[in-house]
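For reference, the structure is listed below as structure tokens.
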Amino acid sequence: MTPSAPKNRILIAVAALVRSGQAVPGGSGPEVLIALRHPKAIRGGVWELPGGKASAGESASEAAARELLEETGVDVDPATGRELGTVEQDDPTLPAERWLRLTLVAFEAPPGAVPQPLAAVECRWERITALDRYEWPAANRTLNAILADAFR
């Protein structure tokens with residue numbers, strides 16, 4: 001018998017820190033900050049957008065801004081966040097984090113922002129149109145499609 005999904009999933013806020021595209025080989029366009037998870041972390045060794053669990057009473061925008069600061073050192077105003085969409089994930093291979101609800105929140109990168117990989121192996125700017133070149137957890141692939149639609 002398969003257990004049914006709980007009424008309250010783990011709420012994850014995902015930050016899409018976006019900046020205007022810089023002149024890069026192969027084109028230009030909006031860029032987003034991506035991070036490479038530590039190999040031993042849950043879903044380790046793949047790329048992700050910064051984010052994490054929302055605390056009780058915390059909005060998705062507040063949680064995404066907090067996680068962005070904790071993971072990259074970039075400080076944004078939660079009031080400037082724009083919710084782009086939500087993805088639900090059921091992953092039976094990870095019982096502790098099986099049922100997730102991920103909310104994608106976009107922020108404009110502050111001028112001169114220099115993100116640091118405080119909770120990742122590496123972080124970098126990548127064109128939104130090039131995100132499919134990286135390996136992502138399943139739910140993040142859907143979030144990336146939402147992000148691409150929002151910044152066409």
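Before moving on, here are some points about what is shown:
- Any hit, the range 94-115, residues being in a helix (DSSP H, G or I) and either among the acidic types (Asp, Glu) or under 13 Å from Ile34 (Cα atoms) (or both): yes
- Ala138, sole failed condition from (1) surrounded by fewer than 16 Cβ atoms within 10 Å (Cβ to Cβ); (2) modelled with pLDDT of 95 or more; (3) among the hydrophobic types (A, V, I, L, M, F, W, C): (2)
- Scope the range 135-152; condition touching a residue at least 12 places away in the same chain (Cβ under 8 Å), over 14 Å from the mean Cα position of the chain (by Cα) and assigned to a loop (DSSP other than H, G, I, E, B); matching residues: Phe151
- Restricted to the range 40-78, and to residues there that are among the hydroxyl-bearing types (Ser, Thr, Tyr) and surrounded by 13 or more Cβ atoms within 10 Å (Cβ to Cβ), the residue that is farthest from Pro115 (Cα to Cα) is Ser59.
- Taken over the range 90-110, residues that are hydrophobic (A, V, I, L, M, F, W, C), out of contact with any Pro (no Cβ under 8 Å at 6 or more places or on another chain) and at pLDDT below 90 amount to 3.
The values are calculated or read from the model by the stated rules, or taken from the named source; none is laboratory data. Since we're looking at a predicted model, the values are computed, not measured. We place every Cβ from the backbone using ideal geometry, glycine too, and count neighbours over all the protein chains shown.
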